[in-house]
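Before any comments, here is the structure.
The values are calculated or read from the model by the stated rules, or taken from the named source; none is laboratory data. Quick caveat: nothing in here was measured; it's all calculated off a predicted structure. When we count neighbours, we look across all protein chains shown, and the Cβ atoms used for this are built from the backbone with ideal geometry, even at glycine. These accessible areas exclude ligands, DNA and RNA; they are computed on the full protein's heavy atoms, side chains included. Shrake-Rupley method; radii C 1.70, N 1.55, O 1.52, S 1.80 Å.
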Amino acid sequence: MCGIVGYVGENKVYPFLIQGLKRLEYRGYDSAGLAISNGSLLVHKCKGRVADLERHVLSKETEGTVGIAHTRWATHGEPNDRNAHPHLSMNRHFALVHNGIIENYAELKIDLAKNGYLFQSETDTEVLVNLIEFFYQQSDEINAEIAVRLALSKVVGAFGIAVICREEKDQLIVARRGSPLVIGIGQGEYFVASDATPLIGYTDNVIYLNDNDVAVITKNNLTLKTLDDKPASFKISRVDRSIGEIEKGEFAHFMLKEIFEQPKTIEDTFRGRISHDHTAIVLGGLLDIFPKLIKAKRIILIGCGTSWHAALVGEYLIETYARVPVEVEYASEFRYRNPILSADDVVIAISQSGETSDTLVALRMAKERGATILGICNVVGSSIARETDAGVYTHAGIEIGVASTKAFTAQVTVITLFALKLAFAKGEITEAHYHEIIQELTEIPEKIRTILAGHLRIEEIAAKYKDASNALYLGRGALFPVALEGALKLKEISYLHAEGYAAGEMKHGPIALVDDNLPVVVVAPKDHYYEKIVSNIQEVKARKGNIIAVATEGDTVLKEMVNDVFEIPESHTAVAPLLAIIPLQLFSYYIAVMRGCDVDQPRNLAKSVTVE
Ligand code: F6R
């Protein structure tokens with residue numbers, strides 16, 4: 001949420017800043033801007049996308065080798081030129097970019113106003129940059145670093161910031177609390193970004209800042225301390241990513257590329273975790289903690305959005321196979337509702353980014369209350385991955401499309417592996433059953449390839465429904481969360497109102513919506529819910545709803561009964577969610593494209609929600 005990049009070195013800063021912003025645009029795209037230090041502070045910014053900024057800057061000066069830039073997802077103040085970052089302090093000593101929220105900005109603003117400060121924008125960020133300047137101007141003894149430290153000590157809230165000072169022109173200062181920042185180490189140069197994506201191709205060596213770290217960076221030196229001026233410990237990590245991962249290649253959109261990557265990302269997720277003979281599951285990240293997991297009295301899965309849907313799939317799988325009571329909670333609710341937790345509880349956070357603020361804070365709360373906390377994250381080195389007792393990475397690769405697709409199937413793959421391993425370790429399933437489901441899981445990538453090969457048919461069906469204004473998605477069992485996820489995908493990228501429902505619940509209310517205009521997507525493969533869901537289909541049909549069924553290949557009965565069918569290969573119930581979601585992702589994608597929507601950057605959304 002909001003993208004930050006920064007550079008200090010010997011090269012011209014502008015090309016890196018612009019390219020970095022383009023790579024981070026999925027974090028926010030309301031406005032963009034940059035500031036360059038070259039004896040004075042050059043600031044260029046405007047409402048809109050990075051491409052708009054590029055046009056805006058065309059005839060402007062951009063010389064300099066130290067700079068910061070930002071792409072915004074608005075919190076305080078509407079998206080416009082004035083509220084765009086970077087913000088300059090009133091006397092132009094400092095320029096600052098910020099990700100996060102300064103919660104006490106209103107009172108700080110009043111104090112600054114009493115000291116003669118005037119403000120151009122409605123943002124909390126402009127308050128912070130002026131507060132830094134205010135301290136800076138108190139005495140000659142106070143340099144930029146001290147001023148930043150003093151200002152941040154007054155701040156309540158979350159921040160990832162990058163600051164440059166007119167007088168200390170060769171230096172960049174960055175700090176974090178709650179909002180991620182990573183420093184890339186080059187040869188005689190340093191890079192800064194809110195995630196590692198902009199650094200790919202520049203350096204593989206990075207330092208992930210911890211909360212309350214402040215780094216002062218020049219081209220040849222990096223000093224890392226805590227906010228209260230103590231030396232901070234750090235570790236240099238390697239980022240193993242290729243440029244290909246952050247380019248669309250032959251695909252029109254990142255979302256489409258990521259949908260098509262799923263056979264590979266699921267393979268990457270289970271590679272090394274399923275033995276060659278398909279008889280055992282190894283989850284290295286949980287090895288030490290597993291004895292504790294076997295004894296867990298309760299497992300609580302937390303997450304937001306799509307990750308919450310993956311958690312719901314997990315609830316079905318863990319309860320069905322491992323026979324441990326599971327609760328699934330929205331992290332944003334869990335953190336505020338004083339939950340009862342004990343040392344016998346295991347709380348598992350599911351998060352693609354590993355930075356979602358609600359999930360992170362909920363997890364910290366669970367830890368304080370004595371629960372064992374685990375993470376299922378995609379982004380290596382992310383805050384959730386670092387703060388949990390143990391965890392499993394999903395290995396889906398960088399997900400750039402704002403609507404999550406491959407991260408979801410990777411999460412479901414991990415949770416399936418986890419449920420099976422726990423079930424077998426607890427003696428809840430037989431060896432034969434264990435081997436059977438593992439085998440089924442290994443066949444999923446090939447089956448997804450078959451579904452993807454039929455994408456043109458899905459596109460044709462999407463064309464029939466693109467002008468609908470509402471849609472209902474129904475499913476049962478572990479396919480109910482798939483219905484929720486299908487509906488979310490449609491909402492997010494095509495702005496069509498869509499609701500997911502447990503199919504059995506339809507008669508308790510939503511059935512009132514059914515008429516001959518309503519598309520009803522029913523996830524109805526041949527499993528033990530089949531007869532029940534066929535009855536639900538009949539209920540919709542009797543009311544003239546348009547039914548699109550996700551059905552098992554060769555199901556001629558459903559084909560006769562419904563308007564359109566997305567066929568999926570036959571599979572074991574335990575792995576069916578991984579297949580059933582694929583046509584729904586494509587269906588949403590094609591509808592959004594046909595409606596002229598910006599698929600990769602849907603309105604109002606941003607990837608990685610690091611504010612409450
Ligand atoms: C939906 C989507 C969001 C995220 C949610 C949690 O397509 O991307 O609903 O799933 O914001 O994000 P993570 O998984 O990063 O915690």
(message) Just to be sure I understand, how many residues within the stretch 220-240 are in a loop (DSSP other than H, G, I, E, B) and either without any contact (Cβ under 8 Å) to a residue 12 or more places away in the chain or not β-branched (Val, Ile, Thr) (or both)?
(response) 10
(request) Go through the stretch 371-387 residue by residue and tally those that are assigned to a loop (DSSP other than H, G, I, E, B) and modelled with pLDDT of 95 or more. (result) 2
(request) Scan the stretch 36-50 and give yes if some residue there is surrounded by 24 or more Cβ atoms within 10 Å (Cβ to Cβ) and closer than 17 Å to residue 192 by Cα, otherwise no. (result) yes
(message) Scan the stretch 184-191 and tell me whether some residue there is within 24 Å of residue 116 (Cβ to Cβ) and part of a loop (DSSP other than H, G, I, E, B).
(response) no
(request) Of the conditions (1) touching a Cys at 6+ places or on another chain (Cβ under 9 Å); (2) surrounded by fewer than 23 Cβ atoms within 10 Å (Cβ to Cβ); (3) under 16 Å from residue 180 (Cβ atoms), residue 332 clears all except one; give me its number. (result) (3)
(request) Find the residue count for the stretch 579-612, including only residues that are on the phi < 0 side of the Ramachandran plot, part of a loop (DSSP other than H, G, I, E, B), more than 10 Å from the ligand (Cβ to nearest atom) and within 20 Å of the chain's Cα centre (by Cα). (result) 7
(request) Hey, can you tell me all the residues within the stretch 371-398 that are open to solvent by less than 10 Å² (accessible area, probe 1.4 Å), farther than 20 Å from residue 577 by Cα and within 10 Å of the ligand (Cβ to nearest atom)? (result) 382, 384
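Are any of the residues in the stretch 209-217 within 26 Å of the chain's Cα centre (by Cα), open to solvent by 40 Å² or more (accessible area, probe 1.4 Å) and outside the structural domain of residue 68 (by TED's automatic domain parsing)?
Within the stretch 209-217 (the criterion being within 26 Å of the chain's Cα centre (by Cα), open to solvent by 40 Å² or more (accessible area, probe 1.4 Å) and outside the structural domain of residue 68 (by TED's automatic domain parsing)), the answer is no, since none of the residues qualifies.
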(message) Checking the condition open to solvent by 30 Å² or more (accessible area, probe 1.4 Å) and in contact with a strand residue (DSSP E or B) (Cβ under 8 Å, 6 or more places away or on another chain), which residue from 17, 88, 24, 53 passes?
(response) 88
(request) Output the residue which, of all residues in the stretch 66-81 that are open to solvent by 50 Å² or more (accessible area, probe 1.4 Å) and over 19 Å from residue 161 (Cβ atoms), is farthest from the chain's Cα centre (by Cα). (result) 81
(request) Look at residue 167 and say whether it is modelled with pLDDT of 95 or more, in a loop (DSSP other than H, G, I, E, B) and either over 16 Å from residue 127 (Cα atoms) or outside the structural domain of residue 68 (by TED's automatic domain parsing) (or both). (result) yes
(request) Please identify the pairs in which a residue from the stretch 525-537 that is among the aliphatic types (A, V, I, L, M) has its Cβ atom under 8 Å from the Cβ atom of a residue that is in a loop (DSSP other than H, G, I, E, B), counting only partners at least 6 apart or on another chain. (result) 533/476; 533/524; 534/524; 537/524; 537/562
(message) Condition first: surrounded by fewer than 21 Cβ atoms within 10 Å (Cβ to Cβ), of a type in the set (Phe, Trp, Tyr) and either under 26 Å from residue 316 (Cβ atoms) or not assigned by TED's automatic domain parsing to the domain that holds residue 401 (or both). Can you find one or more residues in the stretch 526-534 that meet it?
(response) yes
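Please determine whether any residue of the stretch 353-367 is more than 10 Å from the ligand (Cβ to nearest atom), over 26 Å from residue 100 (Cα atoms) and modelled with pLDDT of 95 or more.
Taking every residue of the stretch 353-367 in turn, none turns out to be more than 10 Å from the ligand (Cβ to nearest atom), over 26 Å from residue 100 (Cα atoms) and modelled with pLDDT of 95 or more.
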(message) Checking the conditions here, which among 575, 550 is away from the ligand (no atom under 16 Å from the Cβ) and not in a helix (DSSP H, G or I)?
(response) 550
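Can you tell me how many residues within the stretch 468-502 are charged (D, E, K, R) and touching a residue at least 40 places away in the same chain (Cβ under 8 Å)?
Total satisfying the criteria: 4.
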(message) For the stretch 403-428, which positions are surrounded by fewer than 24 Cβ atoms within 10 Å (Cβ to Cβ) and in a loop (DSSP other than H, G, I, E, B)?
(response) 426, 427, 428
(request) Could you tell me whether residue 461 is outside the structural domain of residue 509 (by TED's automatic domain parsing), among the aliphatic types (A, V, I, L, M), part of a helix (DSSP H, G or I) and open to solvent by less than 10 Å² (accessible area, probe 1.4 Å)? (result) no
(request) State all residues of the stretch 464-475 that are more than 16 Å from the ligand (Cβ to nearest atom) and either crowded, with 24+ Cβ neighbours inside 10 Å or closer than 11 Å to residue 587 by Cβ (or both); if no residue qualifies, say none. (result) 464, 465, 466, 471, 472, 474, 475
(request) Can you run down the residue pairs with Cβ atoms below 6 Å, 6 or more apart or on separate chains, where the first is in the stretch 396-425 and among the small types (Gly, Ala, Ser) and the partner is more than 13 Å from the ligand (Cβ to nearest atom) and assigned to a loop (DSSP other than H, G, I, E, B)? (result) 423/429
(request) With the condition kept exactly as written, say whether any residue in the stretch 444-456 is within 16 Å of the ligand (Cβ to nearest atom) and outside the structural domain of residue 544 (by TED's automatic domain parsing). (result) no
(message) Considering only the stretch 518-535, I want to know if a residue exists there that is polar (S, T, N, Q) and touching a Lys or Arg at 6+ places or on another chain (Cβ under 9 Å).
(response) no
(request) Could you please find all residues in the stretch 68-114 being among the small types (Gly, Ala, Ser) and farther than 19 Å from residue 214 by Cβ? (result) 69, 74, 77, 84, 106, 113
(request) Taking the options 340, 289, name whichever one is within 30 Å of residue 431 (Cβ to Cβ) and more than 10 Å from the ligand (Cβ to nearest atom). (result) 289
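Working carefully through the options 485, 499, find the one that is of a type outside the set (A, V, I, L, M, F, W, C), surrounded by fewer than 23 Cβ atoms within 10 Å (Cβ to Cβ), within 18 Å of residue 524 (Cα to Cα) and within 16 Å of the ligand (Cβ to nearest atom).
None of the others qualify; the one that does is 499.
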